[in-house]
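These notes are about the structure you will find just below.
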Amino acid sequence: MNSEYAKRYNENWIFQCAARFADFAEARGHHPVSLAVAWVAAHPDVTCPIIGALDLEQLKPSLYALDIEMTAELRGEINRLSR
C-alpha cells in the first residue's frame, strides 16, 4: 500500500465499514462495486461517477450499477453503514 494512502485510509473503522457494505450488497444480490457506483451516481451533487477498470471483467460490475434502482430507502440503509 502506498504510504500516503496508508496514512489516509489505514484505520480499522474504514475496513469494518467496507466489510459491512460488502455483506450488505451481497445479501441483496448485488456486487459491492455495482451498488457503490449506483449509490454514488444517485448522489445529487455528483454529475457522474468516475470508474476505472483494466479489463472487461473489472468493468462489468460498474456497468451493472445501471440495473440498480437507488431508492431513498436503499440510499438511507447504505448511508447508515458508515459514520
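Nothing in this text is a laboratory measurement; each read-out follows from the coordinates by a stated rule. Remember, predicted model here, so these are calculated numbers, not experimental data. Virtual Cβ from ideal backbone geometry, glycine too; neighbours counted across all protein chains shown.
Per-structure values
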quantity	calculated
Choice from LEU66, LEU56, LEU35 showing the highest fluctuation, given a GNM over the chain with Cα pairs closer than 10 Å	LEU56
Trypsin sites (Lys or Arg not before Pro) restricted to DSSP loop in region 1-77 with at most 16 other C-beta within 10 Å	ARG28
Modelled FRET efficiency - R0 25 Å, TRP13 with ASP55, Cβ distances, 0.05 increments	0.20
Taking region 3-79 and dividing mean pair separation by its residue count, relative contact order in percent (alpha carbons under 8 Å, at least six apart)	28
Rounded to whole Hz, the Karplus (6.51, -1.76, 1.60) HN-Hα couplings of region 12-28, x for glycine and proline	4, 5, 5, 5, 5, 5, 4, 5, 4, 5, 4, 4, 4, 4, 5, 5, 9
Global form of the chain, assessed from the alpha-carbon gyration tensor, a/c cut-off 1.5	oblate
Estimated [θ] at 222 nm from DSSP helical runs (n ≥ 4, -39500 (n - 2.57)) normalised by residues in the chain, nearest 500	-17000 deg cm²/dmol
